[in-house]
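All of the numbers you see were taken from the coordinates with simple rules; none came from a lab. Since this is a predicted model, take the numbers as computed values, not measurements. Here the Cβ positions follow ideal geometry from the backbone for every residue, glycine too, while neighbour counts run over all protein chains shown.
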Amino acid sequence: MARWTKTTAEQQHVARISTEMPIGGLVRIKLADGRSIEGVLRRMHGGNNAGQGGWQYYGECEIETEDRSRWVIDYLDIEAVASAWTEENVMKYEDLGLISVRR
C-alpha cells in the first residue's frame with residue numbers, strides 16, 4: 001500500500017499528481033529518482049484516514065509496460081505524469097495486445 005502523507009507539502013503533492021493523472025489510457029511517469037515508466041494505466045487508488053489524528057492521504061497507480069511488467073507506484077515517488085496517448089503508441093500497445101481501441 002502507498003505511504004501516508006506526513007506533511008502539508010506531501011498532501012499537496014498527492015493532490016497534484018491525482019489531478020494530473022490521466023483517467024485511463026497510456027501514461028508516462030517520471031519518478032523522483034529520475035527513471036521514467038511508460039505504459040497502460042491499469043488502476044488508481046487513493047484515500048485518506050478520515051481525519052483521525054490529523055488528515056493524511058495516500059495515492060498509487062498500477063502501470064503495465066510493453067514487456068507486460070506491472071508497476072505499482074506510490075504518488076509520493078512520482079515527479080511528473082502525462083498522457084502518452086499518441087497514434088504511434090496506440091498502434092504499438094494494440095499490436096502488443098495490451099489495449100483495444102474502438103474505431
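Can you give me the number of residues within region 20-38 that are closer than 12 Å to E79 by Cα and either more than 10 Å from the chain's Cα centre (by Cα) or outside any loop (DSSP other than H, G, I, E, B) (or both)?
Adding up the residues that qualify gives 11.
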Quiz item: Take the residues of region 75-103 that are closer than 11 Å to L26 by Cβ, of a type in the set (A, V, I, L, M) and surrounded by 13 or more Cβ atoms within 10 Å (Cβ to Cβ): which is nearest to the chain's Cα centre (by Cα)?
Solution: A82
